[in-house]
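Notes for the one structure printed next.
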Amino acid sequence: MSLLFKTMLLTGLRPEEACGLKWTALDLEQDELVINNAYKSFKLYNDDYTKVIGHYRSDAKLKTPQSYRRIPLSEDLKNMLLKHRQIQQELFKKSRAIKSHHRKWSEKEYIFIGRNYVPYVSDSLSYGMRKICNKYSLKKVSPYGLRRSFATLCAEKGIDKLVLMKLMGHSDYQTTVQYYIKVTSKQKKQAIKNIYEQAS
């Protein structure tokens, strides 16, 4: 799960997009992640849709047409994913639990799978993030906080607005600004410094 969180932090993916990543999304020729799938938990209702009787997990469409996108891979993330793929391939060869379900590794396998060998969903990410924050006495953050951190860092580093909007999978930049970009203390200090330097 920590690798999934790191991927979210380095790409700005929504939780359900990160959960839905399959190895087919790793385009090594272009060094990009192809974002074209989500993985979610859905409610099961009784025949007249008046009562929830269970849940099921499944692939799903992405949130908006703009959500279908390609995100360039940093060298660090690329190497991390390739190492993770080797480990996962070995796991599929050795695990009795996987063999008992007659599963074989393929490029269609999900990149991030849990201890029960099925993909994560957003709810399990929230629980995992709380455990990590508590274990290391970190400030509480949600999985969506990683997406906000990515957007804020990109804005702080001066990334072009249109590029950031596309990376985030938004249809307009105002959505990116309103919900994802936080003005940092560093930015405030630099802005004040610039004002006084111009005034003197």
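The values are calculated or read from the model by the stated rules, or taken from the named source; none is laboratory data. Worth saying up front: this structure is predicted, and the values here are computed from it rather than measured. Reconstructed Cβ throughout: ideal geometry from the backbone, glycine too, with neighbour counts over all protein chains shown. Each accessible area value is taken on the protein alone, full model and side chains, heavy atoms only, with ligands, DNA and RNA left out. Shrake-Rupley method; radii C 1.70, N 1.55, O 1.52, S 1.80 Å.
For the stretch 90-140, the set of residues classified as of a type in the set (D, E, K, R) and in contact (Cβ under 8 Å) with a residue 40 or more places away in the chain consists of Glu107, Lys108, Glu109, Asp123, listed by residue number.
Can we say Leu13 is under 15 Å from Arg69 (Cα atoms), open to solvent by less than 10 Å² (accessible area, probe 1.4 Å), in contact (Cβ under 8 Å) with a residue 60 or more places away in the chain and not aromatic (Phe, Trp, Tyr)? Here the answer is yes, as Leu13 does meet what is asked. Filter the stretch 152-200 for residues that are assigned to a loop (DSSP other than H, G, I, E, B) and over 25 Å from the mean Cα position of the chain (by Cα) and give the result. Once the filter is applied, which keeps residues that are assigned to a loop (DSSP other than H, G, I, E, B) and over 25 Å from the mean Cα position of the chain (by Cα), the stretch 152-200 yields only Ser200. Note on the stretch 149-191: among residues that are among the hydrophobic types (A, V, I, L, M, F, W, C) and over 22 Å from Ser74 (Cα atoms), the one that is surrounded by the most Cβ atoms within 10 Å (Cβ to Cβ) is Val177.
Just need a number here: residues in the stretch 118-138 that are among the aromatic types (Phe, Trp, Tyr), over 18 Å from Ser58 (Cα atoms) and not in a helix (DSSP H, G or I). The total comes to 1.
Cβ-Cβ distances below 9 Å connect the following pairs, each with a first residue in the stretch 157-176 that is of a type in the set (Phe, Trp, Tyr), a second residue that is in a helix (DSSP H, G or I), and a separation of six or more residues or different chains: Tyr173/Lys161; Tyr173/Leu162; Tyr173/Leu164; Tyr173/Met165. Within the stretch 115-173, being touching a strand residue (DSSP E or B) at 6+ places or on another chain (Cβ under 8 Å) and of a type outside the set (A, V, I, L, M, F, W, C) holds for Pro119, Tyr120, Ser122, Asp123, Lys166, Gly169.
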